[in-house]
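Trainee: Please read through the structure below; I'll follow up with questions.
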Amino acid sequence: MSEVRYKKSDFYYDLPPEQIAQTPAEPRDSSRLFVYDRAKDKVEHRIFRDITDYLKAGDVLVINNTKVLPARLYAHTEHGGLIEILLLKRLERDKWEVLAKPGKKCAVGKSFKIGDKLSFTVEGITDSGERIINFSYDGVFENILEEVGSMPLPPYIKEKLKDKDRYQTVYAKTDGSAAAPTAGLHFTPELLEKIRSMGVEIVEVLLHVGLGTFRPVKEDIITDHKMHGEYYEVSEQAAAALNRVKAEGRRIIAVGTTSVRTLESATGEDGVVRAGSGETYIFIYPPYKFKCVDALITNFHLPESTLIMLVAALVGREKILSLYKTAVDEGYRFFSFGDAMMII
């Protein structure tokens, strides 16, 4: 039987603009939770902190401990114009792949200043138009970045973020992301503690979220879409814990699509999770046989995005569109600062 050739339009849904969340919920765990039980084909509408009702001792939550860099920088041209730089990927200590707007002002060989502590020279241009730049500075790069950089909020968020930390998970550790793993934004330290006390194990993995995740799918046939690479790590300790869980038949619940991509990249066809690190280009869309993940906590994703395609792989294309329609009708808030969905 030949595989279904899905078009990107097969993953389109209508969303009123007023349902795109502009600010995070306060407190974090007060956002709404849309629960879909696949076995019962049943939907429930709850509050995120009620997630404990859907977890049990022996379950494992897999979280992505990446930390978002204040990756949006503004440089001045010699004539006083502004160039926006978005850090995408660290290639070497001071060498980065960046998105530059307007790109035409960032010719190879040109140098620019960002404030009085940071400057860079354009060293190359990638096939897809990103710039390769080399930074010069005195001091510690990360400290300077904290001073001069701002959080790289998605373009659909028009409100200014009052607190930088609200675009970080409470368990963020390792600098490197250009965007937050947003499913994790709903957890508070207290909620995580309550979850642990129930006998739920929490395993950390790492995937640095690049903007490639959010890039629109331009090709009509989705299999023609090329994913950008993202760096991931699964430690020996995490792999051993996950393999033990799988051997004992317990549930692995991924927090966010980034955790899914990490787990599915690190798991072989034999179902064994292997420790390691590297770039993943995995593109998950229906039909897909999950090798590691049993359940998912995620946000509501953009129409025609690779992320809604990933979630569709878990429940089916028609079902996800039907669930999203229910969420729209019920007034859920969508995207990065929006409400959460749990698929069990």
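Trainee: Could you say whether any residue in segment 324-341 is among the hydroxyl-bearing types (Ser, Thr, Tyr), within 30 Å of residue 97 (Cβ to Cβ) and out of contact with any Pro (no Cβ under 9 Å at 6 or more places or on another chain)?
Mentor: no
Trainee: Looking for whichever is at pLDDT below 95 and of a type in the set (Gly, Ala, Ser) here; the options are 124, 115. Which one fits?
Mentor: 115
Trainee: Of the residues 212, 278, 271, only one is in contact (Cβ under 8 Å) with a residue 12 or more places away in the chain, farther than 28 Å from residue 129 by Cβ and small (Gly, Ala, Ser); which?
Mentor: The match here is 271.
Trainee: Do the conditions hold for residue 112, that is, is it of a type outside the set (Gly, Ala, Ser), surrounded by 19 or more Cβ atoms within 10 Å (Cβ to Cβ) and over 27 Å from the mean Cα position of the chain (by Cα)?
Mentor: Details: of a type outside the set (Gly, Ala, Ser): yes; surrounded by 19 or more Cβ atoms within 10 Å (Cβ to Cβ): yes; over 27 Å from the mean Cα position of the chain (by Cα): yes.
For residue 112, the condition - of a type outside the set (Gly, Ala, Ser), surrounded by 19 or more Cβ atoms within 10 Å (Cβ to Cβ) and over 27 Å from the mean Cα position of the chain (by Cα) - is met.
Trainee: Just wondering, is there one or more residues in segment 303-313 that are under 22 Å from residue 29 (Cβ atoms), of a type in the set (S, T, N, Q) and surrounded by 21 or more Cβ atoms within 10 Å (Cβ to Cβ)?
Mentor: No, segment 303-313 contains no residue that is under 22 Å from residue 29 (Cβ atoms), of a type in the set (S, T, N, Q) and surrounded by 21 or more Cβ atoms within 10 Å (Cβ to Cβ).
Trainee: From the set of residues in segment 158-179 that are modelled with pLDDT of 95 or more and among the hydrophobic types (A, V, I, L, M, F, W, C), which is nearest to residue 90 (Cα to Cα)?
Mentor: Taking the candidates together, the pick is 172.
Trainee: So, of the residues in segment 163-202 that are in contact with a helix residue (DSSP H, G or I) (Cβ under 6 Å, 6 or more places away or on another chain) and among the polar types (S, T, N, Q), which turns out to be nearest to residue 50 (Cα to Cα)?
Mentor: Here the answer is 188.
Trainee: Looking only at segment 235-263, how many residues end up being in a helix (DSSP H, G or I) and either surrounded by 21 or more Cβ atoms within 10 Å (Cβ to Cβ) or among the small types (Gly, Ala, Ser) (or both)?
Mentor: Residues meeting the conditions: 14.
Trainee: Hey, another quick one. Give the number of residues within segment 81-134 that are of a type in the set (A, V, I, L, M), within 16 Å of residue 178 (Cβ to Cβ) and in a strand (DSSP E or B). Write out each step before concluding.
Mentor: First, pick out the residues of segment 81-134 that are of a type in the set (A, V, I, L, M): 82-83, 85-88, 91, 98-100, 107-108, 114, 118, 122, 125, 132-133.
With the extra rule that they be within 16 Å of residue 178 (Cβ to Cβ), the set shrinks to 85-88, 91, 98-100, 132-133.
Among the residues that remain, those that are also in a strand (DSSP E or B) are: 85-88, 98-100, 132-133.
The qualifying residues number 9.
Trainee: Are any residues in segment 52-81 among the β-branched types (Val, Ile, Thr) and either in contact with a strand residue (DSSP E or B) (Cβ under 6 Å, 6 or more places away or on another chain) or more than 30 Å from residue 329 (Cβ to Cβ) (or both), and if so, which ones?
Mentor: Hits for segment 52-81 are 60, 62, 63, 66, 68, 77.
Trainee: In segment 137-179, how many residues are closer than 15 Å to residue 85 by Cα and in a loop (DSSP other than H, G, I, E, B)?
Mentor: Residues meeting the conditions: 8.
Trainee: Of all residues in segment 1-40 being out of contact with any helix residue (DSSP H, G or I) (no Cβ under 8 Å at 6 or more places or on another chain) and assigned to a helix (DSSP H, G or I), which is surrounded by the fewest Cβ atoms within 10 Å (Cβ to Cβ)?
Mentor: So the first thing to find is which residues in segment 1-40 are out of contact with any helix residue (DSSP H, G or I) (no Cβ under 8 Å at 6 or more places or on another chain), and the list is 1-4, 9, 12, 17-18, 20-23, 26-27, 37, 39-40.
The next check asks that each one be assigned to a helix (DSSP H, G or I); those that pass are 9, 17-18.
On the way: 9: 10, 17: 7, 18: 9.
The qualifying residue surrounded by the fewest Cβ atoms within 10 Å (Cβ to Cβ) is 17.
The values are calculated or read from the model by the stated rules, or taken from the named source; none is laboratory data. Owing to the predicted nature of the structure, the values given are computational and were not obtained by experimental measurement. In this analysis, Cβ positions are derived from the backbone assuming ideal geometry, glycine residues included, and neighbour counts consider all displayed protein chains.
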